[in-house]
Amino acid sequence: MTDRFTGTPVAMLMTFRKDGTRLPEVIDGRIHPMSLPVTRKILFGGDYNPEQWPEDVWQQDYRLFDAARIDLVTLGVFDWALVQPAEDVYDFTLLDRIVDRASAEGRSICLATGTAAHPPWLARAHPEVTRTDFEGRRHRFGQRHNSCPSSPVFRRLSAELARRIARRYAGNPAIAAWHVGNEYGGACYCDLCAAGFRSWLRQRYRTIDELNSAWYTTFWSHTFTDWDQIEAPSALTEHWRGPDHTAFAGITLDYLRFTSDAMLANFRDEKSAIREYSPDIPVTTNFMGLYRPIDYHRWAPELDFASWDNYPPDDDSAARMALAHDLMRGLKDGQPFWLMEQTPSSTACRDVNPLKRPGLLRLWSWQAVAHGADAVLFFQLRAARGACEKYHGAVIGHAGRSDTRVFREVAELGAELDRLGAASLGARTPARVALLFDWDSWWALEISDGPSRLVRYLEVVQRYHRALWDAGADLDVVPVTADLSRYDVVVAPVLHMLKGDLPRRLEAVAARGGSVLTTFLSGRVDENDNAFLADVPGPLGELMGIRVDEWDARGPDVVNPVRLGSDDRLEVEARLLFELIVPQSAEVIGTYRADFYAGTPAVTRNTFGAGHGWYVGAGLDGTGVSWVVRQVLARHDLLGPASDLPGLESATRVTPDGARLLFLLNHRSEPVEVAARSGGVDLLTGDRVDPGAPLRLSARGVVVLREDE
């Protein structure tokens with residue numbers, strides 16, 4: 001292996017501190033390129049904003065970073081106003097010192113383009129760069145997510161800033177990645193966005209007749225005869241009571257797609273500018289996990305690697321975080337991702353901001369690694385002194401102490417990651433189970449005027465993912481366009497919208513012996529949100545072997561019990577939606593127990609080829625969903641090694657050299673014991689484990705077992 005900057009063999013240039021970070025080598029007064037950190041372990045660090053403090057504080061910070069084994073800093077996320085104080089003025093004096101100091105300290109750098117919030121002078125000189133909200137109000141300068149994605153001025157100046165930053169720093173070998181923007185989101189309804197929407201529609205539909213057909217505009221005298229007649233759907237046009245209440249779902253659905261694509265165009269602008277000077281360093285932006293406004297599947301091909309910010313609302317979010325990790329990993333076909341942000345202690349953005357209990361920082365960080373993270377990073381490394389994030393958790397608090405509980409836990413985690421080394425880098429999840437996740441179905445279901453606004457896409461998906469997670473199944477969360485040929489089980493909750501050849505591909509899974517599981521409100525509409533002219537569940541009907549003639553929506557206080565299985569001993573609750581299923585070829589697995597449809601099917605299983613199509617027509621509770629999911633997994637011998645121990649999570653990763661890593665994570669507040677499924681070595685302790693031997697995990701404990709071949 002040679003240095004790509006100098007051609008010198010790497011081994012000749014590497015000198016490391018005891019903590020694993022490389023000592024800077026100064027040659028002729030300059031730091032040698034290969035004396036900087038390389039990715040030989042999981043990256044550890046986070047957002048650092050030294051522009052907020054005098055330079056004597058930087059010296060203190062880096063001493064503490066050494067103690068905590070922090071080897072990467074994310075710099076410059078909100079530096080636009082500092083780097084460009086006026087339209088024709090660029091001043092890199094401070095950013096130069098910040099980057100030079102991080103490089104001299106031997107840290108890798110994730111360098112941001114600084115465009116996450118535009119500066120005051122830009123809003124004053126070009127007021128059209130600020131957004132217009134859903135109610136039609138033009139905003140003035142303030143906050144951060146306030147840039148119109150369709151503004152030519154914003155696009156030109158943000159790309160130029162990215163270009164200048166890349167030109168200035170691309171030759172610095174400390175740069176590990178480029179960070180574009182920050183947590184893209186929101187929407188704009190200004191005239192520029194309306195014009196952009198019309199242009200987007202022309203590309204999608206080509207003719208006004210095709211658009212009218214897709215939007216079903218014969219309804220309510222909406223037939224358009226010219227593109228200029230089309231308005232952005234807002235509180236002033238098609239909506240009432242808010243963004244989810246629309247008279248024309250097709251129009252609103254397309255505006256959601258357009259908004260996601262418009263911000264993606266902003267990302268592309270900056271990435272292209274970076275590529276002019278930095279063709280090899282990877283480019284990313286930090287996603288927000290289970291975030292509805294942006295279709296991350298549409299964005300994924302444009303990112304060199306996925307990264308995301310994990311801010312769970314409470315202490316009981318382990319399953320939700322697992323879903324988000326799996327979704328982020330699935331964006332790039334199973335490639336590792338970066339955990340770009342998490343709080344070391346508490347957030348500051350909610351009405352109530354609970355503190356992470358002792359051990360959760362470590363446990364949740366290892367959960368990210370277990371699900372595919374090659375970087376574990378924090379926001380923030382030093383607590384801000386003022387503004388809205390001054391109480392947001394940080395590795396280093398306002399007093400700059402190293403003897404706090406939080407700092408000790410960070411340092412202990414850093415030491416563990418050093419011990420792990422490169423053992424998990426580039427590892428993949430050997431999943432035979434896929435869970436389909438689809439932003440179009442999410443949007444279409446929740447803007448639909450019926451049958452129930454209480455049915456929320458994410459809540460249903462989480463319930464089914466939770467059942468898979470509890471059962472210990474190694475799974476991928478993938479888009480509906482994914483190759484399904486490598487999976488034995490495909491779970492597709494509330495697959496409301498069916499696009500392309502997906503029905504045929506799902507049939508192929510069952511035909512070759514696999515199992516496909518879907519639920520109520522699936523197979524209802526096409527890609528334009530128009531109902532299929534067929535029995536429900538539309539193109540899934542043959543695979544499921546049923547038809548649905550009616551459905552009953554009720555409030556959350558109404559329960560219709562469902563009896564599952566042939567022994568009539570398991571009765572669970574169902575709420576919100578109850579589909580009245582008419583079997584065609586399917587066998588009945590569960591039946592309703594109340595109302596006029598008592599005794600009729602609620603859950604069915606259909607033999608299709610060598611496999612099965614499972615259909616759950618009711619909003620089963622967690623116990624019911626778990627029972628169904630485990631029936632499916634058991635047929636394929638896919639229950640995990642700790643499936644009978646609630647709160648003990650298991651995940652398997654396979655490294656590039658074929659080693660199998662078993663992660664066990666105890667989310668309980670008391671110790672737990674499980675028998676090892678095979679022999680191996682615990683990479684965190686170095687202890688040898690024999691096959692069948694008891695593995696004892698302390699409360700919130702972690703084991704990373706490299707299993708014997």
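The values are calculated or read from the model by the stated rules, or taken from the named source; none is laboratory data. Fair warning: this is a prediction, and the values are worked out from it, not measured in the lab. Cβ coordinates were reconstructed from backbone atoms using ideal geometry, including for glycine residues, and neighbour counts include every protein chain displayed.
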(request) Would you mind stating whether Gly686 is under 16 Å from Pro430 (Cβ atoms), part of a loop (DSSP other than H, G, I, E, B) and among the small types (Gly, Ala, Ser)? (result) no
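Inside region 79-143, counting only helices (runs of 4 or more DSSP H) that do not spill past its ends, which hold 3 or more residues that are out of contact with any Leu (no Cβ under 8 Å at 6 or more places or on another chain) and surrounded by fewer than 17 Cβ atoms within 10 Å (Cβ to Cβ)? Before the answer, list the steps.
Details: elements: 80-83, 93-104, 120-125.
Here the list reads 93-104, 120-125.
Go over the candidates Leu665, Leu639, Leu633, Leu684 one by one and state the one that is more than 23 Å from Ala319 (Cα to Cα), touching a helix residue (DSSP H, G or I) at 6+ places or on another chain (Cβ under 8 Å) and in contact (Cβ under 8 Å) with a residue 60 or more places away in the chain.
Working: Leu665 fails: more than 23 Å from Ala319 (Cα to Cα); Leu639 fails: more than 23 Å from Ala319 (Cα to Cα); Leu633 fails: more than 23 Å from Ala319 (Cα to Cα).
Unique residue meeting the criteria: Leu684.
Filter region 73-89 for residues that are acidic (Asp, Glu) and touching a helix residue (DSSP H, G or I) at 6+ places or on another chain (Cβ under 8 Å); which is farthest from Trp53 (Cα to Cα)?
Of region 73-89, the ones acidic (Asp, Glu) are 79, 87-88.
From what is left, the residues that are touching a helix residue (DSSP H, G or I) at 6+ places or on another chain (Cβ under 8 Å) are 79, 87.
Details: Asp79: 14, Glu87: 25 Å.
Ranking the candidates gives Glu87 first.
Surrounded by fewer than 18 Cβ atoms within 10 Å (Cβ to Cβ), within 31 Å of the chain's Cα centre (by Cα) and not polar (S, T, N, Q), is that true of Asp637? Working first, answer last.
Numbers: surrounded by fewer than 18 Cβ atoms within 10 Å (Cβ to Cβ): yes; within 31 Å of the chain's Cα centre (by Cα): yes; not polar (S, T, N, Q): yes.
So Asp637 fits the description; yes.
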(message) Tell me which helices (runs of 4 or more DSSP H) are completely within region 228-344 and hold 2 or more residues being assigned by TED's automatic domain parsing to the domain that holds Ala117 and farther than 30 Å from Ala699 by Cα, or say none if there are none.
(response) 296-299
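How about region 604-624: which of its residues are under 20 Å from Pro556 (Cα atoms) and buried (at least 24 other Cβ atoms within 10 Å of the Cβ)? Lay out the reasoning, then the answer.
At the first step, the residues of region 604-624 found to be under 20 Å from Pro556 (Cα atoms) are 616-624.
The answer is Val616, Gly617, Ala618, Gly619, Leu620, Gly624.
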(request) Identify, from the list Asp66, Asp96, the residue that is within 30 Å of Glu416 (Cβ to Cβ) and assigned by TED's automatic domain parsing to the domain that holds Pro54. (result) Asp66
(request) Kindly indicate whether Gly679 is more than 27 Å from Leu435 (Cβ to Cβ), outside the structural domain of Asp474 (by TED's automatic domain parsing) and touching a residue at least 24 places away in the same chain (Cβ under 8 Å). (result) yes
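Aliphatic (A, V, I, L, M), under 34 Å from the mean Cα position of the chain (by Cα) and crowded, with 17+ Cβ neighbours inside 10 Å: does that describe Ala510? Working first, answer last.
Working: aliphatic (A, V, I, L, M): yes; under 34 Å from the mean Cα position of the chain (by Cα): yes; crowded, with 17+ Cβ neighbours inside 10 Å: yes.
Yes, satisfied.
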(message) Which of the numbered conditions does Leu543 fail, given that it passes all the others? Conditions: (1) more than 30 Å from Ile251 (Cα to Cα); (2) not in a helix (DSSP H, G or I).
(response) (2)
(message) Being under 10 Å from the mean Cα position of the chain (by Cα), surrounded by fewer than 20 Cβ atoms within 10 Å (Cβ to Cβ) and hydroxyl-bearing (Ser, Thr, Tyr): is that true of Tyr291 here?
(response) yes
(request) Restrict the check to region 357-378 and report whether at least one residue is surrounded by fewer than 20 Cβ atoms within 10 Å (Cβ to Cβ), over 24 Å from Arg466 (Cβ atoms), modelled with pLDDT under 95 and not small (Gly, Ala, Ser). (result) no
(request) Give the residue, chosen from Gly185, Gly142, that is free of Cβ contacts under 8 Å to residues at least 12 places away in the same chain and either within 27 Å of Gly289 (Cα to Cα) or over 29 Å from the mean Cα position of the chain (by Cα) (or both). (result) Gly142
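Quick check, is Arg504 over 23 Å from the mean Cα position of the chain (by Cα) and under 21 Å from Arg257 (Cα atoms)? Before you say what the answer is, go through the steps one by one.
Details: over 23 Å from the mean Cα position of the chain (by Cα): yes; under 21 Å from Arg257 (Cα atoms): no.
Judged against the criteria, Arg504 is not a match.
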(request) Quick one: Leu484 ticks every box in (1) out of contact with any Lys or Arg (no Cβ under 7 Å at 6 or more places or on another chain); (2) under 29 Å from Ala651 (Cα atoms) except a single one, so which number is it? (result) (1)
(message) Looking at Asp552, Asp557, Asp483, Asp567 in this structure, which one is at pLDDT 95 or above, closer than 28 Å to Asp637 by Cα, surrounded by fewer than 19 Cβ atoms within 10 Å (Cβ to Cβ) and not hydroxyl-bearing (Ser, Thr, Tyr)?
(response) Asp483
